[in-house]
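What follows draws every value from the coordinates through simple rules; no lab data is involved. Since this is a predicted model, take the numbers as computed values, not measurements. In this analysis, Cβ positions are derived from the backbone assuming ideal geometry, glycine residues included, and neighbour counts consider all displayed protein chains.
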Amino acid sequence: VEHIMEETRKKVTEKIKQRKAAAKAATERAKEVDGLQEQTLVEHVDQQSMKWSDW
């Protein structure tokens with residue numbers, strides 16, 4: 001029985017590691033996306049202010 005428990009514990013530990021790694025990767029990706037969105041927003045605002053200055 002202990003052998004089975006040990007195997008189960010190993011599997012659970014592996015899954016937790018994988019989930020943590022996936023969560024970390026997702027967080028990194030989210031940061032990159034946020035950065036891109038901010039950049040796009042700034043560029044968009046620049047274009048808008050250029051349009052307004054044309055008037």
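Data for the structure
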{"quantity": "Student exercise, the chain dipole from Lys, Arg, Asp, Glu Cβ charges, in Debye to nearest 20", "calculated": "500"}
{"quantity": "J(HN,Hα) series, segment 4-17, from Karplus relation 6.51 cos²θ - 1.76 cosθ + 1.60, nearest Hz, glycine and proline x", "calculated": "5, 4, 4, 4, 4, 4, 4, 4, 4, 4, 4, 4, 4, 4"}
{"quantity": "Longest to shortest principal axis, alpha-carbon extents of the chain, angstrom", "calculated": "80, 9, 5"}
{"quantity": "Top positive-direction residue, dipole computed over the chain with Cβ charges, set Thr13, Thr40, Val1", "calculated": "Val1"}
{"quantity": "Computed [θ] at 222 nm, helices only, for the chain once each DSSP H run of length n ≥ 4 contributes -39500 (n - 2.57)", "calculated": "-36000 deg cm²/dmol"}
